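Here it is, the structure in full.
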Amino acid sequence: MNLWDYIYNLANIRDRITDWANGLFVGWVVYLLIALVGIVAILIFLVPSLMAFIWIERRLVGRFQVRYGPNRVGPFGILQPVADALKVLAKEALTPADADKWVFWLAPVAIFVPALLVYAVLPFGPRMSFADLNIGILYVVAISSLSAISVFMAGWSSNNKFSLLGAMRAVAQMVSYEVPMVLSILGVIMLAGSLQMSHIVQEQLDRNVWFILIQPLGFMVYFISAVAELNRTPTDIMEAESEIVAGYHTEYSGMKFSLFYLAEYTNALAVSAIISTLFFGGWGTAPILDKLPPWLWFIAKIYFFFAILVWMRGTLPRLRIDQLMGFAWKFLLPLALINLFVTGAEVLVWEEYDLAAGWIIPSMVIINFALAGILIVAWTKLFQLRRAWA
Amino acid sequence: MSGAGIVIAFWVLAITSVGSALAVVWVRDIFRAALFLVLCFASVAGLYITLNADFLAAVQILIYAGAISILLIFAIMLTRDTRSAGRSTYLRNPAFLIALLLFITLLFAVLNTDWQAVAQVGTEPSTTAIAQLLFDKTKGFVLPFEIASVLLLVAMIGAIALVKED
């Protein structure tokens, strides 16, 4: 193998290290060593990406709001995140006198744990997961359901009414949006016939169809609920600064605050990665383009979806809490259920006929897009968000 | 993975789960007690992983640590006076009786279980096996499964009907 093979699929480097370590150490040392290599590799990807994301977001939002954004530190302000990090480290981390000290201290740490754990199953390329779990996507759903507890820990322990209000909103919102999110993922799971992340990607590559084409409705429901779970601006009622100061992290400062801030970006990165995995063929590309390494394409897709998240943030106004909850239960949930039902029928057809018959996938694509369009239009006519003065 | 790792993991998880379960009872602050309960649920999920029951572990995290704990937290939020939650009430003796009955039941279950048969841990991932057992056409549990989901649906509609305004 030459150097390009190692760059093309980083798993080859891991295999090389495993071979080398197997000759030197006993089993569990090798196991630990490989785990360590994987963790370091994920951090090498994650830390610069987080800094890049913060910079991209601030620059793009600046453009949307017809101003410059950070442009003083380094070329195009690219070193701004570094300056911010240094500033935050030097700041004092205050603790309110009446706070529940232990829980107050634990909350920023606890919110970062699920955010990082999700990265264990992301398939960056063929054989390039840290742990390609058999239950991959279920693991992601289970782990990300834990972050609501950390948010509530922060809100409760601060002993501040704005923090508590923010935390209450956060919990209500996260619990509500988890339902349509899981239901929309189920459609993809049924099509792929597996919970394993690498298997879901492989299925899309084998059948030459990205699941966005068969699951347009599922994608929309997933995308909207995932954005709501992230608590980014169209849906950030839990830290709405015009209503409740800064929500659950009102009392946090210094490094503790920046852990919340970083956890938000870490989650945004993970959601972009999961969208690319489930609906956009993961590491796969067109045949000519796959001269470049698969993991590069995966990362390119992640950045693309993050840019869309920033776009939404720059464009859409914030929803009110009743509108947000109504949207989850009256709009997304019924659509997700219908989508699930239709997908079930399609899977039966899919299994009945040989896929070699070329008409199945195109007709499915047409049917699904027509259905998604009709349903969305019908639902917007049936159900409208109440106006504030109504 | 080597056997030593599993043994270490088992002891760490077992001590964490028992310790946090005791803390749930002993801690005065009701919110901290709820947090210890989450820790207890999570370490039980870890125990499932050491038994190769990956699906069960994920469901344990999702339902117990993720959803049931949120329910508890909502209950705490709706409690008017959480500071006096640690005080004894007139329900102390009935609660003690129920706890004692539960303990006796569990003791019987523990003593009458054939642990040798249970100790053989499968090495295969269990997701497919669970699906086979549940939804097999001849000897599966499709009907009880559907009845359970209808029951949950009825409970949900009942709850909505109870709190409906008009």
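Identify the single condition in (1) away from every other protein chain (no Cβ under 13 Å); (2) open to solvent by 70 Å² or more (accessible area, probe 1.4 Å) that B:Leu13 does not satisfy, given that it satisfies every other one.
Result: B:Leu13 fails condition (2) only.
Same structure, new question: Would you mind finding the one in B:Leu107, B:Leu101, B:Leu97, B:Leu91 that is within 20 Å of the chain's Cα centre (by Cα), open to solvent by 90 Å² or more (accessible area, probe 1.4 Å) and either modelled with pLDDT of 70 or more or under 30 Å from A:Gly136 (Cα atoms) (or both)?
Among B:Leu107, B:Leu101, B:Leu97, B:Leu91, only B:Leu101 is within 20 Å of the chain's Cα centre (by Cα), open to solvent by 90 Å² or more (accessible area, probe 1.4 Å) and either modelled with pLDDT of 70 or more or under 30 Å from A:Gly136 (Cα atoms) (or both).
Quick test of your reading of the structure: B:Leu78 fulfils all but one of (1) at the interface with another protein chain (Cβ under 10 Å from one of its Cβ atoms); (2) open to solvent by 60 Å² or more (accessible area, probe 1.4 Å). Name the failing condition by number.
So B:Leu78 meets the others, but not (1).
Can you say whether A:Leu60 is closer than 21 Å to A:Tyr265 by Cβ and outside any loop (DSSP other than H, G, I, E, B), as far as the supplied structure shows?
yes
Can you tell me which residues in the stretch A:95-108 are in contact with a helix residue (DSSP H, G or I) (Cβ under 7 Å, 6 or more places away or on another chain) and within 13 Å of chain B (Cβ to nearest Cβ)?
A:Ala99, A:Asp100, A:Val103, A:Phe104, A:Leu106, A:Ala107
For the stretch A:191-198, state whether one or more residues are in a helix (DSSP H, G or I), under 19 Å from A:Ile302 (Cβ atoms) and at pLDDT 85 or above.
Yes, the conditions are met somewhere in the stretch A:191-198.
Could you pull out the residue among A:Phe104, A:Phe130, A:Phe45 that is open to solvent by 60 Å² or more (accessible area, probe 1.4 Å) and aromatic (Phe, Trp, Tyr)?
Checking each option against the conditions leaves just A:Phe130.
Being surrounded by 24 or more Cβ atoms within 10 Å (Cβ to Cβ), over 25 Å from A:Ser184 (Cα atoms), more than 10 Å from chain B (Cβ to nearest Cβ) and among the hydrophobic types (A, V, I, L, M, F, W, C) is the filter here; which residues of the stretch A:133-164 pass it?
A:Ala154
For residues in the stretch A:165-182 being open to solvent by 30 Å² or more (accessible area, probe 1.4 Å) and touching a residue at least 60 places away in the same chain (Cβ under 8 Å), which is farthest from the chain's Cα centre (by Cα)?
A:Leu165
From the list A:Lys330, A:Lys291, pick out the single residue that is closer than 29 Å to A:Pro114 by Cβ and without any contact (Cβ under 8 Å) to a residue 60 or more places away in the chain.
It is A:Lys330.
The values are calculated or read from the model by the stated rules, or taken from the named source; none is laboratory data. Note that the coordinates shown come from a computational prediction; the quantities given were computed from them, not determined experimentally. For neighbour counting, all protein chains shown are included, and Cβ atoms are generated from backbone atoms with ideal geometry for every residue, glycine included. Just the protein is used for accessible areas: all its heavy atoms, side chains included, with ligands, DNA and RNA removed. Shrake-Rupley method; radii C 1.70, N 1.55, O 1.52, S 1.80 Å.
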